[in-house]
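This report refers to the structure that appears directly beneath it.
The values are calculated or read from the model by the stated rules, or taken from the named source; none is laboratory data. It should be emphasised that the depicted structure is a prediction, and the values quoted were computed from it without experimental measurement. Cβ atoms come from the backbone with ideal geometry, glycine included; neighbour counts cover every protein chain shown. Heavy atoms of the whole protein, side chains included, go into the accessibility calculation; ligands, DNA and RNA do not. Shrake-Rupley method; radii C 1.70, N 1.55, O 1.52, S 1.80 Å.
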Amino acid sequence: MKTRAIQYVVLIGVAAVFLGPLYWLLSTAFKQPTQIYQWPPAWWPHLTWENFSLAWKAAPFDRFFLNSTIITVIGTALKVVNAVLTAYAFAYLRFPFKKILFFAVLGAMMVPGHVTLLPNYLTVATLGWINTYAGLIIPGIGSAFATFLMRQHFLTLPTEVTDAAAVDGAGHLRTLWRVVLPMSRPMLITVVVITAVEEWNNFVWPLIVTNTASMRTLPVGLLILKDEEGLAAWGTIMAGTLLVLAPMLLIFLIAQRYIVGGITAGALKG
Amino acid sequence: MTVVDLPARTHPDERTIADGNDQRKRRRRREYGLFALLVAPNLLVIAVFAYWPIIYNAFLSLTDWNMIAARPKFVGLANYGRTLTDPAFHKTLWITVVFTGLIVVGSLVIGLALAFLFNLPLKGRGAVRTIAFAPHILSGAAVATIWAFIFDPGYGLMRALIEPFGAEPPDWMNNSDWALPGLVIVYLWKNVGFAALIYLAGLQSLPKELDEAAAIDGASTWTRFRSIKLPLLAPITFFLLITTVIGTFQAFDVIAVMTGGGPGDATTTLSWSIYNEGFQAFNAGRAATLSIIMFVILLVVTTVQARVMERRVHYR
């Protein structure tokens, strides 16, 4: 009984460690400035929206929000379409040297993203895409890991179903759309959610490829807000931070099962 | 991650309809065409933005270029010579290794401990597991911003935790002794839930019989942990080790937001110095050289992984 009690204390302690910073963020974002700069700290905020309007005034957060949304939606759509089409081709179609091509796709996972920053910046500059949505989105829509996950999943589907579709005269694209994808819904959702989270959180690429406030995304805008406001405006900064986090926290709460499923599947397959 | 090599499924067109050679050839050509069409966009993007950069980097690393001059000046291996003998580079490498080492050990040890905790029959363990994992999917820049405030020596949460013990809170991010440990704390807070999740999945897939048999034979909890569970979890530990090394080597957002490589060069890792050389000092040659060095280091790491994984598969 005593060990059980200790185990519960540890469990609560762990929850506190991970919730504490998030509560600190949430409460500060809604605190009045005088409450933020007092010691000992106020644990409960006198609710105010003031920090949010200050953040809005300090930086064009509506624009950041719009940019982040555009990049996440379009970037995710293109990347997932790429993954699905590539995976279908590798799972169901014949092609000479297919195996080598598949390794070429997977090999992209061995190239660390950080190593590609400078050359990709120069390539995007040559294309005239600096500070454009194309420059923000296109370099990231190649898909290796998601393609791998989708293909492995397609190969587990019973052949009878795709065969039946073909006998009924369905072409490949129709089979993909009407038969294979509906049967792959959980995996598809996993891939979409994981990709969207990555796109939304992406930091270093938007940082280097954009150079005006109107093209910044939320995470980059946050860095600029923090550097400009400094230590005197934690309320404003925490309000901005909450704007960056809230959509992903929401998605996490809704689609947690899929994210966790996808991540453990990726790990345990190895 | 090994690629399970299953044969491709043929579309039953070819099997169900008996037809002449000509028709089959035409069908095959159509299939090739469709394959090319479906795969081309992805392959093109991968070629241009994942493979070409390696070649481009290799070329740039042999040049001196400020990205303004019309063309890079060829300098041979001068960048490598200068970088590899530069004490500042040695320090950067050392900081990267220390940072990565602390995070690897921290994530594995804490992750495993959390996994054991979440595997106990406790009420609410699922909720706590979710809470611990949540930071992993949050924006690194945002998480770093929260922690920048927590570490604020004047009004931060850390001061409230440290002062009751009679200690003075350090000025974490402006103190060269505390900045790196501070980053490690943030990075662990963000990512340890991932290790816990993977370990938990591993623990739950372990065969129960071995552990039960050992328990009946009177093996202590510690012995069972050390001689049964830990060895059985070795593949997972290895997977986490590799992914954590690769991820931590490229850690950027937390550093950019919290320290910008400073104070001085106290948190200048290899990833930060690539950014710094390329996009702040506009020294393309140096940045490319550092990129190639990082690429080679991580390539060695992944190759070792592939080798070990291969052996494991063969011997099982």
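Within a 10 angstrom radius of each residue's Cβ in B:298-309, how many Cβ atoms of other chains show up on average? Whole number is fine. Write out the running numbers ahead of the final one.
Working: counts 5, 4, 0, 2, 4, 1, 0, 2, 1, 0, 0, 1.
Per residue, the average neighbour count from other chains is 2.
If you take the accessible area of B alone, add that of A alone, and subtract the area of the pair, what total do you get in Å², probe 1.4 Å, to the nearest 100?
Working: alone 19930 and 16290 Å², together 26650 Å².
Buried area between the two chains comes out at roughly 9600 Å².
Using a 1.4 Å probe on the protein heavy atoms, what percent of the accessible area of the protein assembly as shown belongs to carbon and sulfur? Before the final figure, lay out each step's value.
Details: 17750 of 26650 Å².
Of all accessible area on the protein assembly as shown, carbon and sulfur atoms account for 67 percent.
Taking H placed 1.01 Å from N in the peptide plane, check which residues at least 5 places from B:THR63 or on another chain put their amide H under 5 Å from its amide H.
Residues meeting the criterion, in which the H sits 1.01 Å from N, are B:VAL75.
Taking H as built 1.01 Å from N, whose amide H comes closer than 5 Å to the amide H of B:GLY262, not counting residues under 5 places away?
When sequence neighbours closer than 5 places are left aside, the close amide H contacts are B:THR267.
Once phi is turned into ³J(HN,Hα) by the Karplus curve 6.51 cos²θ - 1.76 cosθ + 1.60 with θ = phi - 60°, what whole-Hz value does each residue of segment A:73-82 show in order, with x for glycine and proline?
5, 5, x, 5, 4, 5, 5, 5, 4, 3
What ³J(HN,Hα) values, in whole Hz, does the Karplus curve 6.51 cos²θ - 1.76 cosθ + 1.60 give for segment A:160-168 when θ = phi - 60°, with x put for Gly and Pro?
Whole-Hz 3J(HN,Hα) from phi for segment A:160-168: 3, 5, 5, 4, 4, 4, 5, 4, 6.
What shape does segment B:78-315 have by the C-alpha gyration tensor, where a ≥ b ≥ c are the square roots of the eigenvalues, rounded means a/c under 1.5, and otherwise prolate means a/b greater than b/c and oblate the rest?
Working: a/c = 2.54, a/b = 1.36, b/c = 1.87.
Because a/c hits 1.5 or more and a/b fails to exceed b/c, segment B:78-315 counts as oblate.
Got the relative contact order for segment B:58-108 handy, in percent, Cα pairs under 8 Å and 6 or more residues apart?
Values: 26 pairs, mean separation 11.5, N = 51.
For segment B:58-108, the relative contact order is 23 percent.
Please get the size of the charge dipole for segment A:100-249, origin at its Cα centre, with Cβ charges of +1 on Lys and Arg and -1 on Asp and Glu, quoted in debye to the nearest 20.
Values: 6 positive and 8 negative charges, 32 e Å.
Charge dipole of segment A:100-249: 160 debye, to the nearest 20.
Among A:PHE64, A:TYR23, A:GLY171, whose Cα sits farthest toward the positive end of the charge dipole of chain A (+1 at Cβ of Lys/Arg, -1 at Cβ of Asp/Glu, about the Cα centre)?
Looking along the dipole axis, the top candidate is A:GLY171.
Would you mind working out the magnitude of the charge dipole of segment B:78-315 relative to its Cα centre, with +1 at each Lys and Arg C-beta and -1 at each Asp and Glu C-beta, to the nearest 20 Debye?
660
Over the protein assembly as shown, with the other protein chains present, what is the accessible area per residue in square angstrom, probe 1.4 angstrom?
Values: 26650 Å² over 586 residues.
For the protein assembly as shown, the per-residue accessible area is 45 Å².
About the Cα centre of the protein assembly as shown, how large is the charge dipole given +1 on each Lys and Arg Cβ and -1 on each Asp and Glu Cβ? Please answer in debye to the nearest 20.
Magnitude of the dipole: close to 1740 debye.
Across peptide B:125-132, what mean number of C-beta atoms from other chains lies inside 10 Å of a residue's C-beta?
Values: counts 5, 0, 2, 9, 4, 7, 7, 5.
Whole-number average of other-chain Cβ neighbours for B:125-132 is 5.
Charges on Cβ only, +1 for Lys and Arg, -1 for Asp and Glu, centred on the Cα centroid of the protein assembly as shown; of B:LEU188, B:MET309, A:THR34, which one is farthest towards the dipole's positive end?
Checking the options against the dipole of the protein assembly as shown, the answer is B:MET309.
Given a 1.4 Å probe, show me the residues in segment A:212-239 buried by at least 40 Å² of accessible surface when comparing the whole protein assembly to the chain alone.
A:LEU223, A:LYS226, A:TRP234
Students often forget the sequence filter, so: which aspartates and glutamates lie under 13 Å Cα-Cα from A:LYS79 once same-chain residues fewer than 8 apart are removed?
Excluding near neighbours in sequence, the set is A:GLU198, A:GLU199.
Using a Gaussian network for chain B with springs between C-alpha atoms less than 10 Å apart, which of these wobbles most: B:ILE95, B:ILE292, B:ILE216?
Per the Cα network of chain B with a 10 Å cutoff, B:ILE216 tops the list.
Average partner chain C-beta neighbours within 10 Å, per residue of A:83-90? Provide the component values of the computation, followed by the final result.
Working: counts 1, 2, 8, 8, 3, 4, 10, 4.
That works out to 5 on average.
Check cross-link reach from B:LYS123 to the lysines: straight Cα distance under 17 Å, and skip same-chain residues fewer than eight apart.
In chain and number order, the partners are A:LYS2.
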